[in-house]
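The values are calculated or read from the model by the stated rules, or taken from the named source; none is laboratory data. Values in this document were obtained by computation on a predicted structure and should not be read as measured data. Reconstructed Cβ throughout: ideal geometry from the backbone, glycine too, with neighbour counts over all protein chains shown. Ligands, DNA and RNA are excluded from the accessible area calculation, which covers all protein heavy atoms including side chains. Shrake-Rupley method; radii C 1.70, N 1.55, O 1.52, S 1.80 Å.
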Amino acid sequence: MGTKKARAVVVGGSIAGVSCAHALTLAGWDVVVLEKSCAPPSGSPTGAGLSLDPQTCQLIESWLPHPDLLLQTTLHLSIDQDQATDSEKKISWTLTRDESFNFRAAHWADLHDLLYKPLAPDIFLWGHHFLSFHMAQDKAYVIVEAKNLKTGETVEIVGDLLIAADGCMSEIRRSFLPDLQLRYTGYSAWRGVLDFSGDENSETIIGIRKAYPELGKCLYFDLAHGSHCVLYELPNKRLNWIWYLNQPEPELKGNSVTMKVRKDMIRKMHEEAEKLFWERVVLVGDAAHPTSPHGIRSTNMSIMDAGILGQCLKKWGPENMDSALNEFQSIRLPVVSKQVLHSRRMGRIKQGLPLDDRRSFDPRMATPEECVELQQKYMPFFRQVPFLTDST
C-alpha cells in the first residue's frame, strides 16, 4: 500500500493561494484551498495590473503546461521611468530611467486564470469562509472550520499544515496578534484598469499617449507636488493606473496595507505561536508581509513564498515539517524584510516625506544622485532571490 499523502489547507484563493496549490502539489502534497468568493474570477474585468519580475516569471512558467502561455497573456516592460510633472507650468521632465527593466505586465484576473486552470478543480472549495482553526489533542494535525456561504453549514477540514494566504487583513494572523493596528501609509490611493479597446482614437487616449509616449513597454511613475501616479499598459488594450494623494489619515482605517512592526509585536507573536503550535501554521504573501506598492513586490513575494515553501516541504518531507518550515523562514525572512523596508522607503521618498538620512525629495530641486534611488533595480534581491540553501 502506498503512503498516504500529507495534506495542506490553504486559506485564500487569490494569487498566493493558487501559487501554493501549484508548489505543494508538485511537492507531493494533497491541497485544499478555501476561498470565500463563490466562483473563480475567470474573465472578470475586476482587479488591477501586476508587474512580474523575471525570476517570478520563470517560476510561473514551470507550473504551466505550456510556458509560452505566460508570454501570450502579458506585455514586456523594458523601461522603468520616473518623471515629474509641474501642472501649473504644464511641463514634464525625466528624473531617472532604466532601460534594462525586463518585467512583464499582467492583469490580475488573467494571471489568476492562467494559474487556476491547470489545477484539479476539486482542490478548491469556493464559497467557504474561514472561521477558525485549532490543533488536534495529539498535536498531529490541524483542524480548520469554515462556513459554506451557500448552505450556511459549518464544515471541518483536517490537514497536516495550515497556510495563511488570506491577504493583508489575514484572520489567521489576527489569531496571533489580535490587537495589531495597521499603520496608515500617509496617502490615499485610487486605482483602476481602463479598457480602451475600440476607443484607441479617442481624444483621451491620444492625450495619454502624447503625455506617455512609450506606453506598452514602459512603467511610468509620475511625481507631482503632494501626489504621484503609476501608469503602464496591459494586454488587450488596457491601461493600469494608480493615483496616490498625500493626505491626513481618513476615518476609514481598515484598508491600510502596511504594518509598522515593533520588537514587542514580534515577541508577542512568537509567544502566541508557541501556544498554538506554530509548526503547523505558515503565513505567506500579504498575510505575512503586507508592503507598500511602490516597490512592486507584493505579487512577486507571494509567488516566491509559495515556490520556496514547496521546495522546502519536498526536501524535508512531511515527517520533518519543523525543519522544512525553519528553512523556509531562514531563506525568506532576510529577503522579504529588506524588500518591505525598501518599498516603504521608496514610498516616503516619492511622497516627499522626511527620512533620517536624506532631505525630503523635491522633484524640482532633486540632484541626479537623489533621483537614482527611485529606480526599481536598487530593490534588495532585485535580480535574484535565494532558493534552497541545499538542494540535495
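When shorter helices are ignored and each DSSP H run of at least 4 residues is given -39500 (n - 2.57), the per-residue value for the chain at 222 nm works out to -9500 deg cm²/dmol.
Cα extents for the range 103-178 along the principal axes, largest to smallest and rounded to whole angstrom: 46, 30, 24.
Descending by average beta-carbon neighbour count within 10 Å, the peptides 145-154, 376-385, 85-94, 109-118 line up as 109-118, 376-385, 145-154, 85-94, the highest first. Highest-first packing order for the peptide set 199-211, 155-167, 346-358 is 155-167, 346-358, 199-211, based on the mean count of other beta carbon atoms within 10 Å. Using only Cα atoms, locate the centre of the range 155-194 and the centre of the range 283-320, then give the distance between them in Å, rounded to an integer. About 14 Å separates the Cα centre of the range 155-194 from the one of the range 283-320. Relative to the longest principal axis of the Cα atoms of the chain, the long axis of helix 15-26 makes an angle of roughly 50 degrees. Among HIS107, HIS225, HIS22, the residue with the largest mean-square fluctuation in a Gaussian network model of the chain, with springs joining Cα atoms closer than 10 Å, is HIS225.
Based on the alpha-carbon gyration tensor of the range 312-392 and its eigenvalue square roots a ≥ b ≥ c, which shape applies: rounded if a/c is under 1.5, prolate if not and a/b is larger than b/c, or oblate? Prolate.
Against the longest principal axis of the chain, how steep is helix 54-63, in degrees 0 to 90 to the nearest 10, with axes from Cα atoms? Tilt of helix 54-63: around 40 degrees. Separation of the alpha carbons by more than 21 angstrom is noted, of LYS117/LYS147; LYS89/LYS217; LYS89/LYS237; LYS314/LYS377; LYS210/LYS237; LYS4/LYS139, for LYS117/LYS147; LYS89/LYS217; LYS89/LYS237; LYS314/LYS377. Here the Karplus curve 6.51 cos²θ - 1.76 cosθ + 1.60, taken at θ = phi - 60°, turns the phi angles of the range 292-306 into couplings of 4, x, 5, x, 6, 10, 3, 5, 4, 5, 4, 5, 5, 3, 4 Hz, with x standing for Gly and Pro. Rounded to the nearest 10 degrees, the angle from helix 321-351 to the longest Cα principal axis of the chain is 20 degrees.
Each principal axis of the Cα atoms in the chain has its own extent, and those three values, largest first, are 73, 48, 46 angstrom. What shape does the range 8-71 take by its C-alpha gyration tensor, where a ≥ b ≥ c are the square roots of the eigenvalues and a/c under 1.5 counts as rounded, a/b above b/c as prolate, and the rest as oblate? Cα axes put the range 8-71 in the oblate bin.
Electrostatic bookkeeping for ILE308 treats Lys and Arg as +1 and Asp and Glu as -1; over the other residues with beta carbon under 11 Å from its beta carbon, the sum is +1.
Each peptide in 32-39, 9-16 gets a packing score, the mean of other Cβ atoms within 10 Å over its residues, and the list from highest to lowest is 9-16, 32-39. Computed from backbone phi with θ = phi - 60° and the Karplus coefficients 6.51, -1.76 and 1.60, the 3J(HN,Hα) list for the range 231-245 is 8, 7, 8, 10, x, 6, 6, 10, 10, 8, 9, 9, 10, 9, 10 Hz; x is used for glycine and proline. Remark on the range 94-241: hydrodynamic radius 20.1 angstrom, per the Kirkwood mean of 1/r across alpha carbon pairs.
If you take every DSSP beta bridge whose two residues both sit in the chain, what share of them, in percent to the nearest 5, is antiparallel? Rounded to the nearest five, the antiparallel share is 70 percent. Probe radius 1.4 Å, ligands and nucleic acids ignored: give me the carbon and sulfur share of the accessible area of the range 1-128 as a rounded percent. Looking at the range 1-128 in its full context, I get 54 percent from C and S.
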